[in-house]
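Asks: Once you've had a glance at the structure underneath, I'll fire off some questions.
What follows is calculated from the coordinates using simple rules that are stated; it is not laboratory data. Predicted model, so just to flag it, every value in this text is computed and none were measured. Quick reminder, even Gly has a Cβ in these numbers, built from the backbone with ideal geometry, and neighbours come from all protein chains shown.
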Amino acid sequence: MILISKYLVPRGFTGIALFPFIFLKYANLKEDALLVNHERIHLRQQQELLILLFFVFYVIEFIFRLMQYRSLYLAYKNISFEREAYRNEKDLNYIKSRSFWGFISYL
């Protein structure tokens, strides 16, 4: 389910996935198929890791990447979950063919 909330989406971002919802900053972003697909990939990742483990792993990997790259932006872009979502957001059928725990190959 897609909901609109400019207050829940962090500054600098246009959308965020918090299982089972996708929050978008503006209503017109519902038409952005790549953004919605990117967030749906995150929903699948969250589902596979039983939601809580996804966020724990996400934060731990972010901290590790931050120490590695010393840049918030590079740390974020190199989180395995983000790498998988960005690399496959253009493939609107990716979720159908995605293997279980597909993010592992992006570590």
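Asks: Taking into account only those residues within region 70-107 that are among the polar types (S, T, N, Q) and more than 12 Å from the chain's Cα centre (by Cα), which is nearest to residue 12 (Cα to Cα)?
Replies: Across region 70-107, the extreme among qualifying residues is 71.
Asks: Any idea how many residues of region 1-37 are of a type outside the set (A, V, I, L, M) and under 23 Å from residue 51 (Cβ atoms)?
Replies: 12
Asks: OK, next. Testing residue 84 on (1) part of a helix (DSSP H, G or I); (2) free of Cβ contacts under 8 Å to residues at least 40 places away in the same chain, one condition comes back false. Which one is that?
Replies: Evaluating residue 84 over (1) part of a helix (DSSP H, G or I); (2) free of Cβ contacts under 8 Å to residues at least 40 places away in the same chain leaves (2) as the failure.
Asks: Those residues that are among the basic types (Lys, Arg), loosely packed, with under 15 Cβ neighbours inside 10 Å and touching a Leu at 6+ places or on another chain (Cβ under 8 Å), I need them from region 44-97; list them, please.
Replies: Of everything in region 44-97, just one residue is among the basic types (Lys, Arg), loosely packed, with under 15 Cβ neighbours inside 10 Å and touching a Leu at 6+ places or on another chain (Cβ under 8 Å), namely 90.
Asks: Please identify the pairs in which a residue from region 30-50 that is over 18 Å from residue 14 (Cβ atoms) has its Cβ atom under 6 Å from the Cβ atom of a residue that is surrounded by fewer than 18 Cβ atoms within 10 Å (Cβ to Cβ) and among the β-branched types (Val, Ile, Thr), counting only partners at least 6 apart or on another chain.
Replies: 44/95
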